[in-house]
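All remarks here apply to the structure that follows.
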Amino acid sequence: MDGYKDNHLYFASESVGEGHPDKLCDQVSDGILDACLAVDPNAKVAMETATKTGMVSFSYSSHNPQNILIFLFKTGCSSWRS
């Protein structure tokens, strides 16, 4: 990738208050990304997660969407719509 240095650590950070819905959304997105990277360390995944009472909604783009279904089963997800 242009402009990125090899062996250089890049990170992003944000902060929200305790109980903020972003905390749950971040956990869902991070869990799905971790599941994909566990299977393919070079996986490319784009995620957007939103929540409201009783529902978590997410959209994604992945070269291997089966990894996302595996993550959902492991977390106990009981239903989904695609």
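The values are calculated or read from the model by the stated rules, or taken from the named source; none is laboratory data. Being a predicted model, the structure only gives us computed values, none of them experimental. Positions of Cβ are backbone-derived with ideal geometry, glycine not excepted, and every protein chain shown enters the neighbour counts. Calculation scope for accessible area: heavy atoms of the full protein, side chains included, ligands and nucleic acids excluded. Shrake-Rupley method; radii C 1.70, N 1.55, O 1.52, S 1.80 Å.
General observations
- For beta carbons closer than 7 Å, sequence separation of 6+ or different chains, a first residue in region 1-22 that is farther than 26 Å from Thr53 by Cα and in contact (Cβ under 8 Å) with a residue 12 or more places away in the chain and a second that is of a type in the set (Phe, Trp, Tyr) and open to solvent by 100 Å² or more (accessible area, probe 1.4 Å), there are no qualifying pairs.
- Region 34-53: number of residues that are open to solvent by 60 Å² or more (accessible area, probe 1.4 Å) and either hydrophobic (A, V, I, L, M, F, W, C) or at pLDDT below 80 (or both): 3
This table checks each residue for (1) outside any strand (DSSP E or B); (2) surrounded by 10 or more Cβ atoms within 10 Å (Cβ to Cβ); (3) at pLDDT 80 or above.
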| residue | (1), (2), (3) |
| --- | --- |
| Lys5 | yes, no, no |
| Ser15 | yes, no, no |
| Gly19 | yes, no, no |
| Asp30 | yes, yes, yes |
| Ser57 | no, yes, yes |
| Cys77 | yes, yes, no |
